[in-house]
Amino acid sequence: DKSDKYDSRDVERLQQDDKWVENYLIWRHDVVDDTLKMIDESFQWRKEYTVNDLSESVLPKWLFEIGALFLHGYDKEGYKLFWFKVKHHTRDPKQQLDKKKLVAFWLEHYAKRDHGKPLTVVFDMADTGISHIDLDFVRFIVNCFTDYYPNFLTKIVIFEMPWIMNAAFKIVKGWLGPDAISMLKFTNKSDVQEYISGEYLPPHMGGSDSFKYSYPPLVDDDFQTPLCENGPITSEDEHESKEEIDADTKEAGELNEAQNLNQKKMNSVEQISKSEETDKTEVKPKNAKKALTTFKGPLLHISPAEELYFGSKETGEKKCLIVLTNVTKNVVAFKVRTTAPEKYRVKPSNSSCEPGTSLDIIVSLHGGFAASLQDRFLIMAAEMDQSSGAGVPELTQFWKEVPRAKVMEHRQCHVIESSKPSSLTLKDNAFNIPAKTNEDLHIQLTHLLQINKRLEEQMNRCLWFHQLSVVLSLLSVTVAAFCFYLAYAQRS
């Protein structure tokens, strides 16, 4: 309605990001009027809370330090956990706006990093009392998921809610609506592991997670550098002194410079085979098919986009491929990280890709480990200057200096151990088609409907031309007959 009603960046994204639009439609059951209303309300809210400009620097530091809100771990379905430690929250009208902006900061931070993958909210209400009840703040969190972030909520796990809060949460149910009420899961220590495995639960919830929140830095997504050919590579997350980093870099550079230079040029299957001829089981066949799903990022196209399939226990095959394609005109540095570095070997895990070429990464399980739905892989990529080298020292220095804003990140969401011998393994020479989600089917159905509409339009045009041809033919016959009649009449 007005040029200043929304943030122009949101309008631009809406025009370019089909996935974002589709999430609004899915969340409003494909009712266009309801979808437009939600977009209007959420865009106004995004501008009011300056969501696109929220950062650590604009929010009070103490908000991050108390650890009331943070992202950490995954539920049993593989969705990221958004923790709200209620005992760290107290009602204070003067702080309410900043606290609400903190919620928006975390949601936007995650949405940008993980491309809008849904979240599971955990209200940890252990050791809470009447002083921690803040219905206005709880309502704001609920509204963020129901009204402002479409298709972003999987469930709300409420742990050990005190009896005194029963009445309050009856009010909360009224805010959620019928669809979201089914997402509420009231739990205690005996049944919370129905939704979240013990490895991501703290001890007071009956789990074994030793994670302790601290700030700074921001709690990351728990991605660590995976094991590669010669053990863990140096990463910025290892708290080493500059001298130790330099020493390790120099030593690794002497050992691996030639190997990494070769990896940089590996843009064909045959080159991988030559570099791995001492380990025939890790060679990719020349005619192996690529995954059918591809993440198309601004720097790299990544296949498969979502799921990594490993062989079954019966076949003993524990390898799969990630194919990177550089779609820029510059060299792109990349590195692969995981939430379970003790399980996986990645070759190569820290290298670069030449402009316009493809590079295959072999991911293998080792040490008798099994793939888990909770395991995740993160691929980080950034453009390098043409003058920059591509050896280990240059890459190590590059990752220290590159601004976070220039780094493209993509997460493979699920690691799956397939029960079929023919699934996505190097040995079986083909990729298995991932199981289709409702979202995938919805996209395909929409696409088919569009194709059907175009075919109908083409058929209508053909019918129109056919009818026109018939009319013109009849006219021609009539004119010819009339001419013959005139000629015959003149002779008579």
* Quick one: LYS80 ticks every box in (1) closer than 30 Å to GLU307 by Cβ; (2) open to solvent by 20 Å² or more (accessible area, probe 1.4 Å); (3) among the charged types (D, E, K, R) except a single one, so which number is it? => (2)
* Asked: PHE43 is checked against (1) in contact with a Lys or Arg (Cβ under 9 Å, 6 or more places away or on another chain); (2) over 16 Å from ASN151 (Cα atoms); (3) of a type in the set (A, V, I, L, M, F, W, C) and fails just one. What number does that condition carry?
  -> (2)
* Here is a list of conditions, (1) under 20 Å from ILE39 (Cβ atoms); (2) part of a helix (DSSP H, G or I); (3) not small (Gly, Ala, Ser), and ASN151 meets all of them except one; can you say which number that is? -> (2)
* To do: Considering (1) open to solvent by 30 Å² or more (accessible area, probe 1.4 Å); (2) over 19 Å from the mean Cα position of the chain (by Cα); (3) closer than 28 Å to LYS189 by Cα; (4) touching a residue at least 60 places away in the same chain (Cβ under 8 Å), say which one GLU41 fails and leave the rest.
  => (3)
* **Test: residue in the stretch 21-37 that is farther than 23 Å from LEU119 by Cα, loosely packed, with under 12 Cβ neighbours inside 10 Å and touching a residue at least 12 places away in the same chain (Cβ under 8 Å)** => no
* For the stretch 168-192, which residues satisfy the criterion of being under 25 Å from the mean Cα position of the chain (by Cα) and either at pLDDT below 70 or part of a helix (DSSP H, G or I) (or both)? -> ASP179, ALA180
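The values are calculated or read from the model by the stated rules, or taken from the named source; none is laboratory data. Model, not experiment: these values are computed from the prediction. FYI the Cβ positions are ideal-geometry reconstructions off the backbone, even for glycines, and counts take in every protein chain you see. Surface accessibility is based on the protein's heavy atoms, side chains included, excluding ligands, DNA and RNA. Shrake-Rupley method; radii C 1.70, N 1.55, O 1.52, S 1.80 Å.
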